[in-house]
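Participant: Before I ask anything, let me first share the structure, which is written out below as C-alpha cells.
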Amino acid sequence: MGYYQLYYHIVFRTKGSVPAIAIEHEKLFYKYVLGILNKKECKLLRIGGMPDHVHMLVSIPPSLAISDCVRDVKTASHKFLRENLDKFPLFYGWGKSYCALTCSSTSKDMVFNYIKNQKEHHKKMDFREELFSFFREYGLKEEDMEFFLKD
C-alpha cells in the first residue's frame, strides 16, 4: 500500500437532535467508536461532542469509502447505544445524514483542538449556529444544512 495522509472532520447528530449521549457515559461511547474505527484500520485522532452530536477527526485509508466508514460507525454505535439504554435512555437513533469535511495536515491541529474544546465552544454557540459557520466557511449552501438537520 502507498503512503496517504487523508484527514476528515466528521459530524453526525442524534435523530431529532435529542440530547441522548449522556455526558457521564460519553467516554464509554467514544471508546466503543474507537474500537469500530480501529477494526477498519482508521486512525481516530480526536472524538468529542455534545449530548446531541459527535465530532471526529479521523484518518481513513483510501481503500475505505468515507460513506461506508460513517455508515458502519453509525450502525454499530446505534446497536451499542440501544444495548446500553440504562446509560443512554434517550437514544433512539442517529439522524440520516452526516457532514464530512476534509482537512489538511497543517489544519488538523486546529480541528483537533476545536473538537477537544466542544463543551466550551457550545457555551457560546448552539449546534445550528456551529453548522451554519461550518457550511459558510466551506462554501456550502444553507439548503445543505437544512438537509443535514432533517431526520
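Participant: Report the semi-axes of the equivalent ellipsoid for the chain in whole Å, largest first, where each axis is √(5λ) for an eigenvalue λ of the Cα gyration tensor.
Facilitator: 22, 20, 15
Participant: If you take the beta carbon distance between CYS103 and GLU83 as r and set R0 to 41 Å, what does 1/(1 + (r/R0)^6) give as a FRET efficiency, to the nearest 0.05?
Facilitator: So the FRET efficiency works out to roughly 0.80.
Participant: With each pseudo-label sitting 7 Å past Cα toward Cβ, what's the LEU34-ASP151 distance in nm, one decimal?
Facilitator: 3.2
Participant: Obtain the nm distance between the two label points defined at GLU143 and LYS27 by a simple spin-label model: each point lies 7 Å from its Cα along the Cα-to-C-beta direction.
Facilitator: 4.5
Participant: Taking θ = phi - 60°, what integer Hz values does the Karplus form 6.51 cos²θ - 1.76 cosθ + 1.60 yield along the range 127-139, in sequence order, with x for Gly and Pro?
Facilitator: 4, 4, 5, 4, 4, 4, 4, 4, 4, 5, 4, 8, x
Participant: Right, another one. Using the crude model of +1 on Lys and Arg Cβ and -1 on Asp and Glu Cβ, and no other charge, please compute the dipole size for the chain relative to its Cα centre, in debye to 20.
Facilitator: On the way: 23 positive and 19 negative charges, 79 e Å.
For this selection, approximately 380 debye.
Participant: Moving on. Using the basic label-point model (7 angstrom from Cα toward the beta carbon), what is the HIS121 to ARG136 distance in nanometres?
Facilitator: 1.6
Participant: By how many nm would the segment from LEU6 to LYS43 lengthen if fully extended, with 0.36 nm per residue of separation less the alpha-carbon distance?
Facilitator: Values: separation 37, 0.36 × 37 = 13.32 nm, distance 1.02 nm.
Gain on extension, LEU6 to LYS43, equals 12.3 nm.
Read-outs: derived from the displayed coordinates by stated rules, not from any lab. Because the structure is predicted, anything quoted here is derived from the model rather than measured. Positions of Cβ are generated from backbone atoms using ideal geometry, with glycine treated the same way; all protein chains shown enter the neighbour counts.
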